[in-house]
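Peer 1: One structure follows; several queries about it will come next.
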Amino acid sequence: MSDKIQLYSMGTPNGQKISIALEEMAIEYDAHLINIMKGDQFKPEFLSINPNSKIPAIVDPTGDNGSPLSIMESGAILLYLAEKSGKLLPTDKVKRSQVLQWLFFQVGGAGPMFGQFGHFYRYAKDSVTDTYALDRYTTETKRLLKVIDNQLQDNKYIAGGEISIADFSLAPWIVCLDHFYKAKELLTLDEYSNCNRWLNEIMARPAVKKGMNILRDF
């Protein structure tokens, strides 16, 4: 293993969060594909890094006092990388708290709910006759999008005036709603003007463009 951060991931929204952050923070890393479509996440080699068998995960070869440190959970990884690099996470306690609130909003709310929406809208649409689940997650996804849009009405970035790991945590999931789940019309994504303004700015950043395409060739 080199001294670089080792990224074990795939080009999903949760994976893209980490590759975007690594690019934005200018941290050197090696990227390794864990193809969840083929069950790579259940192989012993990966389970030794992440016992929860989910992507993404990283290994910092010298993170544990010179020894390798494995980190699972995308929010924990983002926080670790921000503290390691000193970037994209304010040191001021109030601003830091604001970033962490929106980071946890994504990992605990928007991400899981958007993912459940995508499952029932794209994958289980033809196999589930009861519309309750899709209706439930469609309603909740729209509610969360409204929360995001309202937050961005008077803020340039999701946690306030400075770009942060919270922005890079959230943006790939909103892109996914349109580009992967193909739900633009159902979710009326064009109506969230503040969110679209913010998303367009985020996605125009060179490091974001590069990070979004890491481990996408599968």
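Bear in mind that the values in this text are calculations on the coordinates, not laboratory data. As the structure is a prediction and not an experimental result, all values here were calculated from the model. Please note: Cβ atoms are built from the backbone with ideal geometry, for glycine as well, and neighbour counts cover all protein chains shown.
Peer 1: Scanning segment 70-127 for residues that are among the hydrophobic types (A, V, I, L, M, F, W, C) and touching a strand residue (DSSP E or B) at 6+ places or on another chain (Cβ under 7 Å), which turns out surrounded by the fewest Cβ atoms within 10 Å (Cβ to Cβ)? So that I can check it myself, show each step before the final result.
Peer 2: Taking segment 70-127 first, the residues among the hydrophobic types (A, V, I, L, M, F, W, C) are 71-72, 76-79, 81-82, 88-89, 94, 99-100, 102-105, 107, 110, 113-114, 117, 120, 124.
If we keep only those that are touching a strand residue (DSSP E or B) at 6+ places or on another chain (Cβ under 7 Å) too, we end up with 71-72, 77.
Values: 71: 21, 72: 17, 77: 24.
Top of the filtered list is 72.
Peer 1: Against the conditions (1) of a type in the set (Val, Ile, Thr); (2) part of a helix (DSSP H, G or I); (3) farther than 12 Å from residue 165 by Cα, where does residue 18 fall short? Just the number, please.
Peer 2: (3)
Peer 1: Let me ask something else. Is it the case that some residue within segment 62-79 is part of a loop (DSSP other than H, G, I, E, B) and under 19 Å from residue 173 (Cα atoms)? Even if it seems obvious, please write down each step before you answer.
Peer 2: We begin by selecting, within segment 62-79, every residue part of a loop (DSSP other than H, G, I, E, B); these are 65-66, 73.
Now narrow it down to the ones that are under 19 Å from residue 173 (Cα atoms): 73.
Yes, segment 62-79 contains at least one residue that is part of a loop (DSSP other than H, G, I, E, B) and under 19 Å from residue 173 (Cα atoms).
Peer 1: Under 7 Å between Cβ atoms, which residue pairs at least 6 apart in sequence (or on different chains) link something in segment 117-143 that is over 19 Å from residue 176 (Cβ atoms) with a partner that is surrounded by 11 or more Cβ atoms within 10 Å (Cβ to Cβ)?
Peer 2: Here the result reads 128/120, each pair linking segment 117-143 to a residue that is surrounded by 11 or more Cβ atoms within 10 Å (Cβ to Cβ).
Peer 1: Within the set of pairs 6+ apart or on separate chains, which have a first residue in segment 29-44 that is of a type in the set (Asp, Glu), a second that is not in a strand (DSSP E or B), and C-beta atoms under 9 Å apart?
Peer 2: 30/1; 30/2; 30/4; 40/10; 40/34; 40/46; 40/55
Peer 1: So, one more: Where in segment 159-216 are there helices (runs of 4 or more DSSP H), lying wholly inside it, with at least 1 residues that are among the basic types (Lys, Arg)?
Peer 2: Helices (runs of 4 or more DSSP H) meeting the threshold: 193-203, 206-212.
Peer 1: So for segment 178-185 (the condition being buried (at least 17 other Cβ atoms within 10 Å of the Cβ) and within 14 Å of the chain's Cα centre (by Cα)), does at least one residue qualify?
Peer 2: no
Peer 1: Might you let me know whether segment 56-65 holds any residue that is out of contact with any strand residue (DSSP E or B) (no Cβ under 8 Å at 6 or more places or on another chain) and of a type in the set (Ser, Thr, Tyr)? Break it down into steps so the answer makes sense when it comes.
Peer 2: Residues of segment 56-65 out of contact with any strand residue (DSSP E or B) (no Cβ under 8 Å at 6 or more places or on another chain): 64-65.
Filter again for of a type in the set (Ser, Thr, Tyr), leaving none.
Checked against the condition, which is being out of contact with any strand residue (DSSP E or B) (no Cβ under 8 Å at 6 or more places or on another chain) and of a type in the set (Ser, Thr, Tyr), segment 56-65 yields no hits at all.
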